[in-house]
Amino acid sequence: MTRHARRRFLTYLVAAPALAVATRFGVEAYAPGSADAAIPTPPAPADLVDLGDLLILAGKPTADMLVLSVDEDGGVDFRLPREEVGQGLTTAVAMLVAEELDTPLDRVRVHLEDARPELLFNQLTGSSNAVRSLYDPVRRTAAAARARMVAAAARQWGLKASELTVRAGVVVAPDGRTASYGSLTTAAATLDLGSLTVTPKKESEHTLVGTPTSRIDARALVTGSHPYTLDLDVPGAKPCMVRRPPTINGTVTSVGNEAAVRAMPGVVDVVVIDSGVAVVAETFGQALDGKNALEVTWGGGTVDTLSDSDIRARLKAATPSLDLLGALVRKVDTEFDFAFASHAPLETNSAVADVRPDRAEIWSGLKSPIVAQAAIAQAVGLPVSKVTVHVMQSGGSFGRRLFYDAALEAAVVSKKSGRPVRLMWSRIDDMRHGRMRPATHHRVRATYAAGQVLTFQHRVAAVETDFRHGLGDAVTAAAASLPTGLGNATFAQTLFLTTVKSPYDFGVTTQTLTEVPLRMHTGSWRSVYSANTRGAEEIVVDELAARLGKDPVDFRRSFLKTDRQRAVLDRAATEGDWGRELPDGWAQGIGFHEEYKSCTACLVEIDATDPKKPRVARAVIVADVGRVINPRGLEAQLLGGLTDAISTTLRAGLHIDKGLPLEGSYSQFHYARQKDAPKDVRIHVIEGAGEPGGAGELGVPAAVGAVANAYARATGTKPRSFPVNFDVDFTPFPR
Amino acid sequence: MPSHTFTVNGKSVTVDAPDDLPLLWALRDLLDIRGPKYGCGINVCKACTSHLDGEAFNPCVLPVSEASGREVTTIEGLADGDRLHPVQEAWLEQDVAQCGYCQPGQIMAAVALLKRTRNPTDADIDAIANVCRCGTYFRIREAIKSAAERMA
């Protein structure tokens, strides 16, 4: 697709929804005329309107309800209605604000906004959508502030605003007079300056945006002074931990030794809640001892009889069969399994809650605080307006903090115990009762003849992903803009079809999702369906290339749809020295992925001399995400996506055994450590224009394909089940 | 309640706590020293990595009684006032942190490594087992190498 078309498309989408847009866009972007002979694949729904477009559209009515203030020292405070979990959003937003205001970056402070229900769909962090949705509104807001400052100075000096310039937060007159923002802020706020026409800077005039910039909070992070939720000092808030059931969604029947636990050193309260039994104590060490000492009789959970083999069988049975084909057509026909995966952010679920009879105050890492606020208000019996929800910058998410499990528990315990609490999940509980990426089964069939791919069919069956965190409401609100044919899709299918698409011209291409409704604690995991779905497809692409006697890079180049995609692929092949000689047991692998208006290629080299202990030794990543706000932050996201892919492709997954994951810590859920990570990573960002694309999840699917393909070539195997090395190599913790 | 006296970041402190209370909770909940983070409680994630008499250790598994009379350094005690330790400077230079939660532990582990060896090899760096769930390992590796040069 051309950037021009994308731009017109988005603009039009924002101004007036929908179907006409999709049709017109499809015609423009996919008009014939390309020289290659591949059989064109018509645009998929995600090519026309992706999930990010829907979220932008849903958030549009409140998109400009942003708060920016300038204090008398010239410091700028911006209240960001999103969550920062390490993805670098606060830095990117501070850069946009500083750029428009022409003020130094270190004068801009970004605060995470409390839950503001009036923002409706404009306070949800997910779907790689924060920069996409905020880029214009933040610039408009900051440009408006700058215009008022300049107007105030013009009034003060009797000059025209157009004669004034701004340098480093100081308004400058042609005669050399100066006035700092700090000195102007009161006038700017109170004077009747008439209506100001505000236009954000031309992007060609950007001096900060687009340059590699370090995190604005880096110093706080390396000195240990950054306050995470449980580092807060909320007066009187006592440590609290919850004893959880031996199986997922088990219930409390009775507590046998409550008095004895209450008598333990430091224990101050024992409270039964829906999800288990909470122990409140003077220290977390004592709360942990107390919860471990509890003797609880448990009721059954929701998947008590199920283990991995049962779940796989159900997924397989639920995967639709593929279309029958003529006997003369040659095909690649294959199936894949992906295990459950824990989000496992290093900061476990945590929250501080202070619930009083007439009001409540909550602190937690929340990506959907409005939904959390409503749920908490209902649970503690207060009006929403009496529940203040503070959003805390958090220690990782990867999708996990779309849910507010800890905040809800803390609020209920605080109400029942009549005191403020600091509630923390143990690591074991976080892994066993926390959220996880659902297991999936995949059936893929690609047919080919005369050097062309004729059809590409992919049927995905997944354990149901829980999306009850507000995303559904936003998508429903924007449903009118869905392409034809999606009207009757279930919500999960809508998400699948607005995120998953193939970047290749493989003739008739169909990708579908079937969900198996098991009641487990699932949730979106970085890149949602794409890591498994597109990862599996990249493996099939390599196998198709082999069948057609083509090199994997050449093959991809022939079948990718656009020049932009090919430029990214070729750069990766060049930078990564594709095809170079490697020792026995080593191999290169390549993967490509496009989503949310961005595309990326990943090339890895793996040392699989010992197939049980493979190591990705080197990686090259190239990305084109359209306009880049902070290349340094973007590279960090791609590096993280690579590590996620290495982990979940090679070793990290959860085994379900009779209704509970066996894994309970990082010694068992094998997320990569330094010894598993490449010693050489080169990331190249292609300078793009137009709107920023999504980038937070982009890196995972291409790297899954690259790592799996490299492993397959190095070992001469055809990996079909992921992670590839997935033994139970540990003694599980007691239930 | 037993009383335990030890040094934290150059200051003598006394806490009243059961002998077997993990030092991590004495630091965080009784002394309000919250740089060391909980990530697992069983010495596998290493997020709480700090120094005991100058060597890396994990306070999540050290009973507070065993700290008596010894010298504990946490991330808060690493910088010299406003002057950061060279390893912290290297971390800023490489913009290592993403969520940052593991980074105090990563930095303390790197400082301990550089104390043992001035020029750590890739194998030495591989031996640092601290989990970074954001996957910043390559930047950590580059920062350790940069710090080694700064400290040479």
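Laboratory data are not the source of any read-out in this text; all were calculated from the coordinates shown. A quick note: this is a predicted structure, and the numbers were derived from the prediction, not measured. All Cβ positions, even for glycine, are placed from backbone atoms using ideal geometry, and neighbour counts span all protein chains on display.
Brief remarks on what is shown
- Computed from the Kirkwood radius of its Cα pairs, the Stokes-Einstein diffusion coefficient for the stretch B:3-77 at 20 °C and 1.002 mPa s stands at 182 µm²/s.
- Under 12 Å from the Cα of residue A:60 - aspartates and glutamates, other chains or at least 8 residues apart: A:136
- For the stretch A:64-215, alpha-carbon Rg over 2.2 N^0.38 Å: 1.05
- Dipole magnitude (debye, nearest 20) for chain B, charges at Cβ of Lys, Arg, Asp, Glu: 280 debye
- Dipole magnitude for the stretch A:571-613: about 140 debye, using +1 per Lys or Arg Cβ and -1 per Asp or Glu Cβ, origin at the Cα centre.
- Charge tally around residue A:85: other residues with Cβ under 13 Å, Lys/Arg +1 each, Asp/Glu -1 each, net +2.
- Shielding by partners, peptide A:278-288 (average Cβ within 10 angstrom, other chains): 5
- Residue-averaged [θ]222 nm for the protein assembly as shown, counting only DSSP H segments that reach four residues, each worth -39500 (n - 2.57): -10000 deg cm²/dmol
- A simple spin-label model places pseudo-atoms 7 Å from Cα toward Cβ; at residue A:105 and residue A:225 they are separated by 1.9 nm.
- Extending 7 Å from Cα along the Cβ direction at residue B:118 and again at residue A:388 yields two label points whose distance is 5.5 nm.
- Farthest towards the positive end of the charge dipole of the stretch A:64-215, among the residues A:186, A:123, A:204, is the Cα of A:204, using unit charges on the Cβ of Lys, Arg, Asp and Glu.
- Computed from label points 7 Å out along Cα-Cβ, the spacing between residue A:721 and residue A:316 is 0.9 nm.
- If R0 is taken as 56 Å, the Cβ-Cβ distance between residue A:168 and residue A:563 corresponds to a FRET efficiency of 0.85.
- For the stretch A:141-278, the calculated P(r) over all alpha carbon pairs, in 5 Å bins from 0 to the bin holding the longest distance, is 2, 7, 11, 10, 9, 7, 7, 7, 6, 5, 6, 8, 7, 5, 2, 1, 0 percent.
- Cα-based reach from residue A:415 at 23 Å (exclusive), listing lysines while leaving out same-chain residues under 8 positions away: A:238, A:291, A:386
- Ratio Rg/Rh, restricted to the stretch A:635-717 and using Cα atoms, in which Rh is the Kirkwood radius: 1.06
- Shielding by partners, peptide A:388-397 (average Cβ within 10 angstrom, other chains): 3
- At R0 = 51 Å, FRET efficiency that the Cβ-Cβ distance of residue A:189 and residue B:80 yields, to 0.05: 0.75
- Proximity of backbone amide H atoms, modeled 1.01 Å from N, is registered between residue A:721 and A:337 at under 5 Å, excluding neighbours fewer than 5 places apart on the same chain.
- Fully extended contour minus Cα-Cα distance, from residue A:680 to residue A:274, at 0.36 nm per residue: 141.4 nm
- Between helix B:103-116 and chain B: long-axis angle, C-alpha atoms, 0 to 90°, nearest 10: 80 degrees
- Normalising the Debye intensity of the protein assembly as shown to I(0), with uniform scatterers on Cα atoms only, and taking log10 at q = 0.07, 0.10 Å⁻¹ returns -0.56, -1.16.
- Local net charge near residue B:149, Cβ-Cβ under 12 Å (Lys/Arg +1, Asp/Glu -1): 0
- Tensor-based shape of the stretch A:415-532 (alpha-carbon gyration tensor, a/c under 1.5 rounded, otherwise prolate or oblate): prolate
- The mean count of C-beta atoms from other chains within 10 Å of the C-beta of residues in B:80-86, rounded to a whole number, is 1.
- The lysines whose alpha-carbon is closer than 30 Å to the alpha-carbon of residue A:561, local same-chain residues fewer than 8 away aside, are A:331, A:501, A:550, A:597, A:718.
- The charge dipole of the protein assembly as shown, taken about the Cα centre with unit charges on the Cβ atoms of Lys, Arg (+1) and Asp, Glu (-1), comes to about 1260 debye, rounded to the nearest 20.
- When the alpha carbon gyration tensor of the stretch A:580-735 is reduced to an equivalent ellipsoid, the three semi-axes, largest first, read 29, 20, 12 Å.
- Packing-based order for B:124-133, A:496-505, A:341-350, using average beta carbon neighbours within 10 Å, highest first: A:341-350, A:496-505, B:124-133
- Ranked by how many other beta carbons lie within 10 Å on average, peptides A:186-199, A:564-577, B:78-91 from highest: A:564-577, B:78-91, A:186-199
- Here, the stretch A:225-294 is characterised by an Rg to Rh ratio of 1.02, where Rg is the alpha-carbon radius of gyration and Rh the Kirkwood radius.
- Most tightly packed first, judged by the mean number of other beta-carbon atoms within 10 Å of their residues, the peptides A:678-689, A:146-157, A:529-540 read A:529-540, A:146-157, A:678-689.
- Chain A: antiparallel DSSP beta bridges as a percent of all, rounded to 5: 70 percent
- Where only C-alpha atoms are counted, convex hull volume of the stretch B:75-134 per residue in Å³: 95 Å³
- Computed from the C-beta positions of residue A:178 and residue A:64, the FRET efficiency with R₀ = 35 Å rounds to 0.70.
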